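Engineer: The structure's right below; bear with me while I get my questions together.
None of the figures in this text is laboratory data; all of them are computed from the coordinates on show. Computed from a predicted model, the values in this text were never measured in an experiment. Cβ sites come from the backbone with ideal geometry, for glycine too, and all protein chains shown count toward neighbours.
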Amino acid sequence: MGAHMYYAATGMAAARDDFLRRFPAYATTTAIDELRAAEYARLDRLGHTYLDYTGGGLYAESQIRRHHDLLRERVLGNPHSQNPTSVASAELAKEARDAVRRFFNAPEDEFEIVFTANASGALKLVGEAYPFAPGGVFLLSYDNHNSVNGIREFAGNKGAATTYIPVREKDLRLDEGQVRTALRGAGGAAAKLFAYPAQSNFSGAQHPLEWVAEARELGWDVILDCAAYAPTNRLDAAAIGADFIPVSFYKLFGYPTGSGCLIARREALAKLRRPWFAGGTITLASVQQQDWYHLTPGATGFEDGTIDYLGLPAVTIGIEHVESVGISVIHERVRALAGWLLEELQRLRHSDGSPLVRVFGPRDLERRGATIALYLIDPKGRPYDVYDVETAAARKRISVRGGCFCNPGDGEVAHHISRDDMERCFTDPSAAITLMQCQHTIEDRTGKVPNTIRVSLGFVSDFADVYRFMSFAESYRDRPSA
Ligand SMILES: Cc1ncc(COP(=O)(O)O)c(C=O)c1O
């Protein structure tokens with residue numbers, strides 16, 4: 001029987017047996033099946049197939065219960081004082097900081113944990129305070145989230161150059177030789193900052209962590225964006241040694257959504273020059289002399305205003321929840337599911353033998369995470385409209401993501417969108433007021449489709465989730481494009 005008939009004819013039980021034979025490591029992760037049934041029952045009760053974990057993780061019922069119990073039972077005040085309710089909040093914030101240190105192996109003598117609203121907030125703290133200067137460089141990969149790309153504005157405003165290292169079209173990875181040349185070639189005495197993601201939020205590609213040490217030895221400060229990496233991989237800050245690591249907690253455990261952090265090496269944080277001060281960040285300021293203020297040393301000097309003192313206990317609870325399962329178990333599980341999905345997607349065929357799926361980025365499990373970018377393509381090789389696919393998936397309560405995922409570099413390379421193709425989106429306001437208009441402008445003029453479908457797995461993904469996506473993809477077999 002051809003692979004294309006498999007889902008319609010065989011059914012989930014047989015497919016699951018076949019999957020377990022091919023990916024036996026999945027069987028070691030059954031604790032997550034029990035957890036899903038007990039703590040995430042709403043997923044199956046409401047018939048959801050959730051495949052957007054790189055967008056956001058899901059919370060367990062017990063996280064909410066524990067957090068609400070804590071709020072119900074405690075009296076908590078604004079931390080910056082010595083009164084009992086204030087002290088209680090400060091203790092809970094310290095517990096959260098300690099939990100983050102433990103989870104990411106970021107010991108106190110080496111690292112500061114700065115609480116932020118999200119990973120973007122962490123990146124902005126670095127960008128706006130980094131000592132960019134003429135002669136300095138901001139070096140970054142094409143593969144980056146826009147919250148990293150945006151740092152080029154700070155670099156440019158202070159006279160530093162921004163240099164991009166492209167990804168290769170065939171696998172959306174960086175060429176190692178090109179990275180080394182760029183690291184060796186740039187900069188004199190002025191400060192230089194290198195930024196790349198540990199895992200792409202577009203293609204799932206994992207870039208070598210060894211570049212951190214190599215770059216630092218050559219005098220670079222390094223941002224290793226771990227927002228997409230941390231939810232399903234062990235992140236050991238001390239072993240990697242990056243200067244700045246941004247993370248969003250909702251991507252790890254779903255709740256709370258307003259909390260992230262910057263894990264920063266102490267000496268790197270000390271190099272930053274904040275562009276302002278605020279309540280909470282200073283020990284002392286005067287209104288009688290405008291340059292009189294003392295910034296609080298360490299993380300506190302970077303936490304503007306009142307920290308999210310009621311939300312932070314939920315971070316501790318979330319970390320304990322992940323720890324109760326173990327990040328390595330989550331890692332094994334999503335790896336098995338992603339491996340199966342990659343193989344099956346690339347085997348799907350129309351009846352004339354032409355492929356039904358095109359995967360962008362790494363096509364097998366080597367050095368990649370469980371985020372897969374793809375097109376469903378018709379027998380002539382043209383993609384089915386991404387928004388139509390997303391809408392059709394939504395009708396089946398399948399949550400996948402369509403678009404460019406705030407990662408224009410990977411999208412432009414994956415879809416061969418040249419600078420000229422993009423130009424009208426930036427020079428002709430009537431052609432591209434919105435993202436959708438820009439995409440249509442490019443598509444109408446060039447025939448290229450500048451957006452993508454993304455399937456991403458996480459904490460409680462199971463075989464039924466990926467099986468349902470395969471059945472959905474198979475339903476496009478032999479379908480003509482609109
Ligand atoms: C790799 C990467 N970096 C940064 C971010 C920004 O995270 P947030 O939107 O939580 O600030 C994301 C979010 O998707 C991401 O995937």
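Engineer: How large is the dipole of the stretch 394-469 about the Cα centre if only Lys and Arg carry +1 and Asp and Glu carry -1, each at its Cβ, rounded to the nearest 20 debye?
Structural biologist: Numbers: 10 positive and 10 negative charges, 91 e Å.
Dipole size: approximately 440 debye.
Engineer: What does the extension gain come out to for residue 190 and residue 75, with contour length at 0.36 nm per residue minus their alpha carbon separation?
Structural biologist: 36.5 nm
Engineer: Within the set of other residues whose C-beta is less than 13 Å from the C-beta of residue 391, count the net charge using Lys and Arg as +1 and Asp and Glu as -1.
Structural biologist: Neighbour charge sum, excluding residue 391 itself: +1.
Engineer: Tell me which residues come under 5 Å, amide H to amide H, from residue 225 once H is placed; ignore anything under 5 positions away on its chain.
Structural biologist: The list, which skips near neighbours in sequence, is 196, 198.
Engineer: Separate question: Taking neighbour counts of Cβ atoms within 10 Å as a proxy for exposure, in what order, fewest first, do 249, 19, 302, 463 appear?
Structural biologist: 463, 19, 302, 249
Engineer: Given contacts defined as C-alpha pairs under 8 Å and at least six residues apart, what's the relative contact order of the chain, whole-number percent?
Structural biologist: Value for the chain: 22 percent.
Engineer: Also, I was wondering about something else. Among 190, 117, 150, whose Cα projects farthest towards the positive end of the dipole of the stretch 110-209, with charges put on the beta-carbon of Lys, Arg (+1) and Asp, Glu (-1)?
Structural biologist: 190
Engineer: By how many degrees, 0 to 90 and rounded to 10, does the Cα axis of helix 435-446 deviate from the longest principal axis of the chain?
Structural biologist: For 435-446 against the chain, the angle is about 50 degrees.
Engineer: Ok, one more. List 248, 203, 286 from most exposed to least, where exposure is judged by having the fewest other Cβ atoms within 10 Å.
Structural biologist: Lowest count first: 286, 248, 203.
Engineer: Still on this model: Relative to the longest principal Cα axis of the chain, at what angle does helix 119-129 sit, 0 to 90 degrees, rounded to 10?
Structural biologist: Long axis of 119-129 versus the principal axis of the chain: about 50 degrees.
Engineer: Another question, then. In nm, give the distance between the simple-model label positions of residue 427 and residue 366, each being 7 Å from the Cα along the Cα-to-Cβ direction.
Structural biologist: 4.1
Engineer: Can you find, among 127, 252, 312, the residue farthest towards the positive end of the dipole of the chain? Put +1 on the C-beta of Lys and Arg, -1 on that of Asp and Glu.
Structural biologist: Projecting each Cα onto the dipole axis, the largest value belongs to 252.
Engineer: With point charges of +1 on the Cβ of Lys and Arg and -1 on the Cβ of Asp and Glu, referenced to the Cα centre of the chain, which listed residue (30, 136, 11) lies farthest in the positive direction of the dipole?
Structural biologist: 11
Engineer: Placing unit charges on C-beta atoms (Lys and Arg positive, Asp and Glu negative, everything else neutral), compute the dipole magnitude of the chain about its Cα centre in debye, rounded to 20.
Structural biologist: So the dipole magnitude of the chain works out to roughly 500 debye.
Engineer: Hey, another quick one. Given labels modelled 7 Å from the Cα in the Cβ direction, how far is it in nm from residue 176 to residue 108?
Structural biologist: Once both label points are built, they end up 3.9 nm from each other.
Engineer: Where Lys and Arg each count +1 and Asp and Glu each count -1, what net charge lies around residue 478 among other residues with Cβ under 13 Å from its Cβ?
Structural biologist: Result for the neighbourhood of residue 478: +1.
Engineer: Whole-Hz Karplus ³J(HN,Hα) for the stretch 215-228, in order, using 6.51 cos²θ - 1.76 cosθ + 1.60 and θ = phi - 60°, x for Gly and Pro?
Structural biologist: Rounded to whole hertz, the list is 5, 5, 4, 8, x, 8, 8, 10, 9, 10, 6, 10, 4, 8.
Engineer: Follow-up question, since we're still on this one. Using the Cα gyration tensor of the chain, with a ≥ b ≥ c the square roots of its eigenvalues, what is the shape: rounded (a/c below 1.5), prolate (a/b larger than b/c) or oblate (neither)?
Structural biologist: Working: a/c = 1.99, a/b = 1.32, b/c = 1.51.
Oblate, because a/c is 1.5 or more while a/b does not exceed b/c.
Engineer: Test of understanding: what is the full-extension gain from residue 27 to residue 382, defined as 0.36 nm times their sequence separation minus their Cα-Cα distance?
Structural biologist: Gain on stretching residue 27 to residue 382: 124.0 nm.
Engineer: Quick check for me: using +1 on Lys/Arg Cβ and -1 on Asp/Glu Cβ, what's the dipole size of the stretch 145-216 about its Cα centre, in debye to the nearest 20?
Structural biologist: My answer is approximately 200 debye.
Engineer: For the stretch 65-324, what does the relative contact order come out to in percent, with C-alpha contacts under 8 Å and a separation of six or more?
Structural biologist: Contact order relative to length: 25 percent.
Engineer: Follow-up question, since we're still on this one. Would you order 470, 436, 422 from fewest to most other beta-carbon atoms within 10 Å of each residue's own beta-carbon?
Structural biologist: So the residues, fewest neighbours to most, are 436, 422, 470.
Engineer: Moving to a separate point now. How charged is the neighbourhood of residue 446? Take every other residue with its Cβ under 10 Å from the Cβ of residue 446, and add Lys/Arg as +1 and Asp/Glu as -1.
Structural biologist: -2
Engineer: Quick check on the chain: helices-only [θ] at 222 nm, where DSSP H runs of length 4 and up contribute -39,500 (n - 2.57) each and the sum goes over total residues. Nearest 500, please.
Structural biologist: That calculation yields -12500 deg cm²/dmol at 222 nm.
Engineer: Label points 7 Å out from Cα along the Cβ direction at residue 419 and residue 287: separation in nm?
Structural biologist: 5.1
Engineer: Could you count how many Lys pairs in the chain have their Cα atoms under 29 Å apart, skipping same-chain pairs fewer than 8 positions apart?
Structural biologist: Taking the Cα cut-off of 29 Å, the pair count is 18.
Engineer: If you don't mind, there's one more thing I want to ask. For the chain, can you list the cysteines whose C-beta has no other cysteine C-beta under 4.7 Å from it?
Structural biologist: So, 226, 261, 404, 406.
Engineer: Apply the Karplus curve 6.51 cos²θ - 1.76 cosθ + 1.60, θ = phi - 60°, to the phi angles in the stretch 323-340 and return the couplings in whole Hz, x for Gly and Pro.
Structural biologist: Couplings: 4, 5, 9, x, 5, 5, 5, 4, 4, 4, 5, 5, 5, 4, 5, 5, x, 5 Hz.
Engineer: If I fit a long axis through the Cα atoms of helix 12-22 and take the longest principal axis of the Cα atoms of the chain, what angle between them do I get, 0 to 90°, rounded to 10?
Structural biologist: Tilt relative to the chain: about 70 degrees.
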